[in-house]
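To start, the structure itself, in structure tokens.
Throughout, read-outs are computed from the coordinates displayed, never taken from laboratory work. Please read all numbers here as calculations on a predicted model, not as lab measurements. For neighbour counting, all protein chains shown are included, and Cβ atoms are generated from backbone atoms with ideal geometry for every residue, glycine included.
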Amino acid sequence: MTSISAYQNALLQIDDAAKLLAADYQDQKTFQKILQKIKTIDKVATATLKITLDSGETATFKAWRVQHNNARGPYKGGIRFHQSVCEDEVKALSTWMTWKCAIANLPYGGSKGGVCVDPKTLSANELERLSRAYVRALEENFGPWLDIPAPDMNTNEQIMAWMADEFLEIKKSQGDFKQNYLATFTGKPVVFAGCPGRLEATGLGGCVVLRQLAQKLKMKNSQTTIALQGYGNVGGWFAHHAEKMGFKIVAVSDSRGCIYNPQGYTAAELKTAKKTFGSFTKALEAGNIDGKALPAEEIFALKVDVLVPAAMENVITKDNVHKIQAKIVFEMANGPTTSEAEQILTKKGIMVIPDVLANSGGVTTSYFEWVQNVSGDTWDYEKVMNKLQPLMQSAFADIWQMYQNKKGVSVRQAAYLIAMKKVIDTTWCRGNF
Ligand code: NAD
């Protein structure tokens, strides 16, 4: 079987959803016209970034900013630094951002950026030069009401601070003070107009969705067992909030191995084990934490209620999907389940809660940062947390309703239907297509 590219996959997803949505529209001619519009990328901007390395030599890197669709508001999407970044991938990711923002009810379209670079080979100074070069090369694409980048894979709040600073300096040199350009980049450090609570927002948002789901499926939180793959920013905060909501984490893994204890782990003991020993298996060997050590991959085979991939993409594949015994796969990572694996999960009756819903707490808090920056307001931690939860609840409720109304669709398909319907209906009433 020949594999298809990420962007081909994104287009197929649109076609699949369109088949299910078509019956909702009487005027098929207009519907098809709008479909063509949303299958078309608005803009692909490319650049070759040239930076001086610490050695004095020059290095060049290919860079992209892709804007998929802005029917519902300014483009929004992260910037990824990775050696496998290519135009096809950035186009797919920008399309998925359009859906993610629509699902989260945010007034944004979708975009994405990327640089083809292995950031581990660069020093901090070189990374700073690269980040600034990216903004200088592509600045005409950015702005608080045009396109708002954020961190993505291998980019973080420090990189956003360098990028925002570069952008502000460019605007200053142009004598342009027309807008609050601080609002152009989100995911900045809190001290530099960032949003309190941003770091934990993805984990918390996921737990809010899980709590709603448990209610719908009549699962008692205290009896719901969770296996958590990955204990970085998302996994760590997911564990923290899952415990607060009464869920039971019985297994956790990092890149070195998995630990399993049917009695459950507290968030505090997981945090201490990871912080003190660097890996869970080392903490277990040292007697710091109880349970059984398993190879990292065995997290997928555990008999639990909820399997939470919170590490990276493409970890549930046709090769390991047969091992999965969980009732629910809850995608906190981006793209952890391949489409082939998802088809098998569906046949096995295992529900997949898609990344576009489960991890949308991150982009929602980016939106809060933007709202504060454009208005000159500052919110405290409590306000952010109180605003995040109802938005996550309503995103879940919309998708659940669609999932129940359109018989036979998966939760992911229901999410895509919701998102596409919003973009189609907005485009339709605007009339400019
Ligand atoms: P991170 O780098 O902080 O953590 C990733 C963790 O995964 C690391 O601790 C690493 O040790 C672990 N890991 C790597 N290989 C593993 C393996 N084979 N088995 C188990 N664990 C392994 O990254 P993060 O910010 O927590 O992001 C995790 C995922 O969530 C990514 O897919 C990311 O795109 C997605 N995501 C993150 C955010 C956010 O706000 N940080 C928002 C939306 C989506």
Percent of all Cα-Cα pairs per 10 Å bin for region 128-223, counting from 0 up to the last occupied bin, reads 14, 39, 21, 14, 10, 3, 0
Compute the Cα gyration tensor for region 387-433, then decide on rounded, prolate or oblate, letting a ≥ b ≥ c be the square roots of its eigenvalues: rounded whenever a/c is under 1.5, prolate when a/b is larger than b/c in the other cases, and oblate in all that remain. oblate
In a GNM of the chain with a 10 Å cut-off on Cα contacts, which of LEU270, LEU391, LEU12 has the highest mean-square fluctuation? LEU12
Overall Cα dimensions of region 171-291, principal axis frame, Å, largest first: 62, 39, 19
Using all Cα-Cα distances in region 1-91, what percent lands in each 5 angstrom bin from 0 up to the longest? 3, 10, 16, 18, 16, 13, 9, 6, 4, 2, 2, 1, 0
With a Förster radius of 51 Å, plug the Cβ-Cβ distance of MET245 and THR58 into 1/(1 + (r/R0)^6) and report the FRET value to the nearest 0.05. 0.45
Going by how many other beta carbons lie within 10 Å of each one, how would you line up PHE167, PHE280, fewest first? PHE167, PHE280
Toward the positive end of the charge dipole of region 1-125, about the Cα centre and with charges on Cβ (Lys, Arg +1; Asp, Glu -1), which of TYR108, VAL44, CYS86 goes farthest? TYR108
What is the spin-label model distance, in nm, from GLU169 to THR378 if the labels are put 7 Å beyond Cα along the C-beta direction? 2.4
Computed over the Cα atoms of region 39-120, what is the convex hull's projected area averaged over all directions, in nm²? 5.8
Loop-located trypsin sites (Lys or Arg not before Pro) in region 184-280 whose Cβ has at most 16 other Cβ within 10 Å (DSSP): LYS218, LYS220, ARG256
q = 0.10 Å⁻¹: log10 I(q)/I(0) that the Debye formula gives for the chain, counting C-alpha atoms only: -0.71
Quick one: order LEU388, LEU228 by neighbouring beta-carbon count within 10 Å, fewest to most. LEU388, LEU228
Which order do PHE177, PHE330 fall in if you start with the one that has the fewest other Cβ atoms within 10 Å? PHE177, PHE330
My understanding is that a pair violates if its Cα-Cα distance is over 26 Å; which of LYS100/LYS383; LYS19/LYS62; LYS303/LYS406; LYS171/LYS422; LYS112/LYS274 do that in this structure? LYS19/LYS62; LYS303/LYS406; LYS171/LYS422; LYS112/LYS274
Taking the C-alpha atoms of region 283-383, how large are the radius of gyration and the largest Cα-Cα span, Dmax, in Å? 18.1, 52
Cβ-placed point charges (K, R +1; D, E -1), dipole of region 1-129 about Cα centre in debye, nearest 20: 420
Using alpha-carbon positions, the gyration tensor of region 51-178 gives root eigenvalues a ≥ b ≥ c; with a/c under 1.5 called rounded, otherwise prolate if a/b exceeds b/c, else oblate, the class is oblate
Considering the convex hull of the alpha carbon atoms of region 113-158, report its projected area averaged over all viewing directions, in nm², one decimal. 3.4
For the chain, what is the mean residue ellipticity at 222 nm derived from helices alone (per DSSP H run of n ≥ 4: -39500 (n - 2.57); sum divided by total residues; nearest 500 deg cm²/dmol)? -14500 deg cm²/dmol
